1. Which net charge results when you count Lys and Arg as +1 and Asp and Glu as -1 among the other residues whose beta-carbon is under 14 Å from that of ARG87?
2. Quick one: order TYR41, TYR64, TYR304, TYR32 by neighbouring beta-carbon count within 10 Å, fewest to most.
3. Can you pull the semi-axes for the range 99-254, root of five times each eigenvalue of the Cα gyration tensor, sorted largest first, whole Å?
4. Compute the semi-axes of the equivalent ellipsoid of the range 1-76, taking the square root of 5 times each eigenvalue of the Cα gyration tensor, and list them largest first in whole Å.
5. So for the range 215-261, considering every pair of alpha-carbon atoms, how many percent are separated by more than 15 Å?
6. Of LYS34/LYS78; LYS63/LYS128; LYS47/LYS188, which sit over 21 Å apart, Cα to Cα?
7. Stokes-Einstein at 25 °C, 0.890 mPa s, Kirkwood radius from Cα pairs: D for the chain in µm² s⁻¹?
8. ASN287 to ARG261: extension gain in nm, 0.36 nm per residue of separation minus the Cα-Cα distance?
Amino acid sequence: MNYQPHAQIWEQRATIRTRPRRIIENDEKSFYPKERQPLCYDPIIVKLGDEVLDQVLLQSLYKYINDIVIFETEIVNKTALDIAKGRFPFEFSFDARYDAMSVVIDEDYHAFVAMDFQNQLEQQTGIKPFRTFDEIELSRAIPRAIASLADPAHKAGMELIAVAISENTVTSDVAAFANDNTVKRSIKGIMADHLADEGRHSRFWIELVKIYWREIDEASRIAIGEALPRFLGEYLTNEIQKEFDTALVEQLNLPQVVQKRVIDNLVGGYPIGSQHPMIANIRRFFNASGLLDHEPTREQLKHYIAS
Ligand SMILES: [Fe+2]
Ligand SMILES: [Fe+2]
């Protein structure tokens, strides 16, 4: 099966090739979609007024931006660069490695834009992130899934598939953000730019997994297939989001009793059930990548593919 290159499309459409720098506007619109931050619907927070709500949304945007930087530079680009430089222990064609390098460029550019935006926001509002987190859920889930495989020969494949899954789930997440009309135009704009590149990435990772999955031996497919539910279990949590929201509430200077009530309300506020949009994307990825053509793997994933 031949790899379908995207280099030509990249030359025409990559945002680093086509988009101007965006400047944040000083208007009434929000920094972040309220729907993405359950705290905005807490009756106590609502009662505290718009200034507190704005704080919550700005800090949530800072976290989102920081998460993007971690995801792009530490997770996706670690794997993409290994593939581009031929360090990944599987032989991909020149076209695939060249496209992997374009993914590295895109992701570094997304991280660059994110840094620019964080700085512009700090300048405009005079408010810095109250705390910077250095991990996202994937920072824990991927190394744990890799470590769970006994045979070193299976570890890189696990990493490839984990990155491919996350590149396919994050895409829809950015889409929901880019379409929210309550959010500042420039912020929606950077999300839309990002999305334009991610559609290409999503197909790129699917292509690589397809090729990889077809060519590895049965023992590898079984071992990786067994590790996948472990990976998904760790990926699809909101532990860090909960940690963040708790810390955010703690620094709002609320009376102790009120603070405790808001934090208590957070518990259980983040289910990722089978109706969650991330699950729909993961299901789509499983189908498109060919992983489900392998019966034992399909069996392992039945919890995720049953609708
Ligand atoms: Fe990206
Ligand atoms: Fe990407």
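1. Spelling it out: positives minus negatives among the neighbours equals +1.
2. Numbers: TYR41 12, TYR64 20, TYR304 16, TYR32 25.
Fewest-to-most ranking of TYR41, TYR64, TYR304, TYR32: TYR41, TYR304, TYR64, TYR32.
3. Each semi-axis is the square root of five times an eigenvalue, giving 33, 21, 13 Å.
4. Result for the range 1-76: semi-axes of 37, 17, 11 Å.
5. Percent of Cα pairs beyond 15 Å in the range 215-261: 64.
6. Beyond 21 Å: LYS34/LYS78; LYS47/LYS188.
7. On the way: Rh = 20.6 Å.
Diffusion coefficient, whole number: 119 µm²/s.
8. 5.0 nm
The numbers here are math on the coordinates, done by the rules we state, and not lab data. Note that the structure is a prediction, hence the values are computed from the model and not measured. Here Cβ is always computed from backbone atoms with ideal geometry, including for glycine, and neighbour counts include all displayed protein chains.
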